[in-house]
Amino acid sequence: MTAYRVEVRVMPRGALLDPQGEAVAHALHALGFAEVSRVRVGKHLVLEVEAPTRDEAAARARAMCDRLLANPVVEDFEVAVRNG
Amino acid sequence: MHRVAVIVFPGSNCDADTLAAARAAGSDAYYVWHRDTDLRRADIVILPGGFSYGDYLRAGAIARFSPVMSAVGAHARAGGAVLGICNGFQTLCEAGLLPGILMRNARLRFLSRPVQVRVEATDTPFTCLYERGETLELPIAHGEGRYVADQRTLAELEASGRVVWRYVRDNPNGSTDDIAGLCNAERNVVGIMPHPERRNAPVLGGSDGARVFQSMEACNATQLADRVRAVGDSQLRV
């Protein structure tokens, strides 16, 4: 078994209203960052996972996303294994 | 008199009001801690409002994996009545017992104030004493009440009359199609964002919510008893 650092990114689906992202975009505009046309706010999770292989660590993390970390109705996720 | 299990999660904060409202309606109501796996022969299960597990990750996302939730799922699948109020509604959605999800309010703020809702369906165990089209004043107290579901689910909810309550006059949280509460296809699992348990006596500012609890006493016996009995689940006492 090897210790892997798995990073999971959970983002609201593009078509959905993301009020947090809109609020951040408004605040950036107020600060003069007029070049920002859109902001989306998601979640970044860092997991330390014991797994026999890199692929297995990624597969387990995807299973975790399916069951708990992301809600398939409104969120998409990406899994990246950073080291190991 | 029905046995009503009020589930208590760490972070539930409407459990005592819900228990009192159920008892005021004549139910034999009692608490079941989220670590218990036995609903103690409950006829009806209520998931109360609150902030289970601090709303970490997503509201209700962690509560749905509490040990008691397998028993709640089995009770629901056997036809037993289940009501989720506010955080309980969020938990039922996360558990897949109701479709869709409740997301951050459109204007981001936590809202705690009375709203008006219209009763859209009276053929559920929690609304049978209401008139269809009746407008109620009930308080909301939530930060994540914006109902979202895919187009197919929304079409199905409308086609089968599964929207049970709808916000009228103003939609406080940006909820899709003004949905304030809904039920599953079998109509035994119901979720509502406003708090009927906070309006069940004049001293609380109104009684518009009382019939949610009176309904479960009055209707569950007559309308749902056959279905429950037919399932033959020893856990369900009619």
query = Using beta carbons and a limit of 8 Å, which pairs, at least six apart or on different chains, have the first residue in segment A:56-84 and within 14 Å of another protein chain (Cβ to nearest Cβ) and the second one assigned to a helix (DSSP H, G or I) and surrounded by fewer than 20 Cβ atoms within 10 Å (Cβ to Cβ)?
reply = A:Leu68/B:Phe65; A:Pro72/A:Asp66; A:Phe77/A:Arg62
ask   = Which one of B:Ser207, B:Ser175 is polar (S, T, N, Q), under 23 Å from B:Leu97 (Cα atoms) and within 19 Å of the chain's Cα centre (by Cα)?
value = B:Ser175
message = For segment B:104-121: of the residues being hydrophobic (A, V, I, L, M, F, W, C) and either at pLDDT below 95 or not in a strand (DSSP E or B) (or both), which is farthest from A:Gln20 (Cα to Cα)?
response = B:Ala121
ask   = Mind checking whether some residue in segment A:16-26 is closer than 21 Å to B:Leu57 by Cβ and in contact (Cβ under 8 Å) with a residue 24 or more places away in the chain?
value = yes
key: Members of segment B:170-215 that are closer than 17 Å to B:Gly145 by Cα, assigned to a loop (DSSP other than H, G, I, E, B) and touching a residue at least 12 places away in the same chain (Cβ under 8 Å)   = B:Asp170, B:Pro172, B:Asn173, B:Gly174, B:Ser175, B:Met193, B:Pro194, B:His195
ask   = Can you tell me which of B:Ser52, B:Ser12, B:Ser27 is modelled with pLDDT under 95, farther than 14 Å from B:Met193 by Cβ and of a type in the set (Gly, Ala, Ser)?
value = B:Ser52
task = Restrict the check to segment B:95-107 and report whether at least one residue is touching a strand residue (DSSP E or B) at 6+ places or on another chain (Cβ under 7 Å), surrounded by fewer than 21 Cβ atoms within 10 Å (Cβ to Cβ) and either acidic (Asp, Glu) or within 22 Å of B:Asn13 (Cβ to Cβ) (or both).
result = yes
request  = Taking the options B:Ile62, B:Ile46, name whichever one is in contact with a strand residue (DSSP E or B) (Cβ under 8 Å, 6 or more places away or on another chain) and either surrounded by fewer than 24 Cβ atoms within 10 Å (Cβ to Cβ) or of a type outside the set (Asp, Glu) (or both).
outcome  = B:Ile46
ask   = Considering segment B:142-182 alone, what residues qualify as being crowded, with 20+ Cβ neighbours inside 10 Å, within 21 Å of B:Arg198 (Cα to Cα) and among the β-branched types (Val, Ile, Thr)?
value = B:Val164, B:Ile179
remark   = Checked segment A:20-55 for anything part of a helix (DSSP H, G or I), within 13 Å of chain B (Cβ to nearest Cβ), within 21 Å of the chain's Cα centre (by Cα) and not aliphatic (A, V, I, L, M); matches are A:Gln20, A:Gly21, A:Glu22
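The values are calculated or read from the model by the stated rules, or taken from the named source; none is laboratory data. Everything numeric here is computed off the predicted structure, so don't read it as measured data. Note that we place each Cβ from the backbone using ideal geometry, even for glycine, and neighbour counts take in every protein chain shown.
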